[in-house]
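The values are calculated or read from the model by the stated rules, or taken from the named source; none is laboratory data. What you see is a predicted model; the values in this text were computed from it and never measured. Here the Cβ is made from the backbone with ideal geometry for all residues, glycine too, and neighbour counts use every protein chain on show. Accessible surface areas use protein heavy atoms only, side chains included; no ligands, DNA or RNA. Shrake-Rupley method; radii C 1.70, N 1.55, O 1.52, S 1.80 Å.
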Amino acid sequence: MPQLRVETFPSQIFWLVVTFSLLYVVISRIVLPQVRTTLRARETRIGADREQADELRKEAEAAHLRGSEALAAARADSERLLREAHDQATVAFRTETQRLQEALENERVEAEARIETSRAEALRDAEAAATELVRSLTSALTTVQIDDAALSRVVAQAARAKTS
Amino acid sequence: MATDSSASGDAAHGPLEQFEIVALEPIRIGGLDLSFTNSALWMLIAVATIAVVFAGGMRRRAIVPGRWQAAVELTYRFVANMLQDNVGPQGARYFPFIFSLFLFILFGNLLGMVPYSFTYTSHIAVTFTMAAVVFVGVTVIGLVRHGVRFLSVFVPSGVPIALIPLMVPIEIISYFVRPVSLSLRLFANMMAGHTMLKVFGGFVGLLLSAGLGLLAPVSIILIVILTGFELLIAAIQAYVFAVLSCLYLSDALDLHH
């Protein structure tokens, strides 16, 4: 078995030590620092990216909050404006209605007063005409002297009895 | 094997011939034979391959790695996690050694699968030297860290006093057997696998020379299956060697756990 040939051991061990030392230097001085810096750079990069993403997310959330606040304020404003306009219109409607009603009432009252006046005048004219007619008829048909004042009273009484 | 078979050239070589160490450049220093051999050549090839693969993979140091860089980072994280899981944060300073050890064995095993190459991990001199370095290193680390208290690794905790005289010798023996088992496991696995491949390869020649050529494909199919199996073994044995080194290191850093 070649493995047990002791005379080859020094050479094997010597070259093992030489090549392994060489490998150790290459690994520890060149390869591992490169891998470590790369991994660290990646971690740093990922950390920074994550932080940035966090910040952006916070900003977006704040903007969203501001937006919804503005929207709520605008909605409240619009509701308030609507209500105010509605109230104003209601008030205007009421005052106008009242004014018109009052005007109408005044006109009605005036008209009634005019009618009353006209009626009283017409009554008075009719009484006067009736008095005159009675007197004319009486003086034409009889010789009875008629007291004017008494005649007026009688006619007025008759007219009142008729109308009431 | 029929070493005198004249019909097949390659089959004439024994299955152990592949482990023969051949001096490529004879060097003698102070009576020691330190020749540059095929074993040394393949160690150098392994180191060069590792350097090219790992330094080359990291040449861009991209934030978003490509396939090559991802493979290097994956290997780094694999070994780093292994050390973290078995030793904990205090094992970090031994990471370059464990990483080098793992790669040196892994590439030695894998390059050994290349036809006509040489598997330096199939030699007990190499595996035992590595195991001895781990064993001595771990023992020194334990002694420096804990002083005399380090000897308490030989006294298992939670054992009745009456059993201590029995347990301590067992623990001492099992401690000193560690480098032996560690080196034998790797050496035996690599040697057995390569011998088996060679034996099945030799069968092809034998079958052909015996006029049973129709049976040769069976042997070839077996070789294909075994080759895949050997690739698995190559990776697993490198992992086992590194994990056990981590466990021994963990024992020394952290008594009783």
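So, of the residues in the stretch A:24-38 that are open to solvent by less than 60 Å² (accessible area, probe 1.4 Å) and at the interface with chain B (Cβ under 7 Å from one of its Cβ atoms), which turns out to be farthest from B:SER39 (Cα to Cα)?
It comes out as A:THR38.
Looking only at the stretch A:1-18, how many residues end up being surrounded by 14 or more Cβ atoms within 10 Å (Cβ to Cβ), aliphatic (A, V, I, L, M) and either within 7 Å of chain B (Cβ to nearest Cβ) or not in a helix (DSSP H, G or I) (or both)?
2
Out of the residues in the stretch B:172-199 that are open to solvent by 50 Å² or more (accessible area, probe 1.4 Å) and among the charged types (D, E, K, R), which is modelled with the lowest pLDDT?
B:LYS198
Scan the stretch B:200-214 residue by residue and report those that are assigned to a helix (DSSP H, G or I) and either loosely packed, with under 15 Cβ neighbours inside 10 Å or of a type in the set (D, E, K, R) (or both).
Of everything in the stretch B:200-214, those that are assigned to a helix (DSSP H, G or I) and either loosely packed, with under 15 Cβ neighbours inside 10 Å or of a type in the set (D, E, K, R) (or both) turn out to be B:GLY213, B:LEU214.
Would you call B:SER152 touching a residue at least 24 places away in the same chain (Cβ under 8 Å), farther than 24 Å from B:ALA242 by Cβ and not in a helix (DSSP H, G or I)?
Judged against the criteria, B:SER152 is not a match.
Of the numbered conditions (1) open to solvent by 50 Å² or more (accessible area, probe 1.4 Å); (2) not in a helix (DSSP H, G or I), B:LEU74 satisfies every one except a single condition; which is it?
Among (1) open to solvent by 50 Å² or more (accessible area, probe 1.4 Å); (2) not in a helix (DSSP H, G or I), the lone unmet condition for B:LEU74 is (2).
What's the number of the condition A:SER21 fails, among (1) within 9 Å of another protein chain (Cβ to nearest Cβ); (2) closer than 30 Å to B:ALA132 by Cβ; (3) open to solvent by less than 90 Å² (accessible area, probe 1.4 Å); (4) out of contact with any Leu (no Cβ under 9 Å at 6 or more places or on another chain)?
Unmet condition: (1).
Looking for something within 14 Å of chain A (Cβ to nearest Cβ) and touching a residue at least 24 places away in the same chain (Cβ under 8 Å) - is there at least one such residue anywhere in the stretch B:198-214?
Yes, the stretch B:198-214 has at least one match.
Select from the stretch A:117-164 the residues that are open to solvent by less than 100 Å² (accessible area, probe 1.4 Å) and charged (D, E, K, R) and list them in ascending order.
A:GLU121, A:GLU127, A:GLU132, A:ARG135, A:ASP147, A:ASP148
Which of the residues belonging to the stretch B:117-151 are over 30 Å from B:GLN18 (Cβ atoms) and either of a type in the set (Phe, Trp, Tyr) or surrounded by 13 or more Cβ atoms within 10 Å (Cβ to Cβ) (or both)?
Those that are over 30 Å from B:GLN18 (Cβ atoms) and either of a type in the set (Phe, Trp, Tyr) or surrounded by 13 or more Cβ atoms within 10 Å (Cβ to Cβ) (or both): B:GLY137, B:VAL138, B:THR139, B:ILE141, B:GLY142, B:LEU143, B:ARG145, B:HIS146, B:PHE150, B:LEU151.
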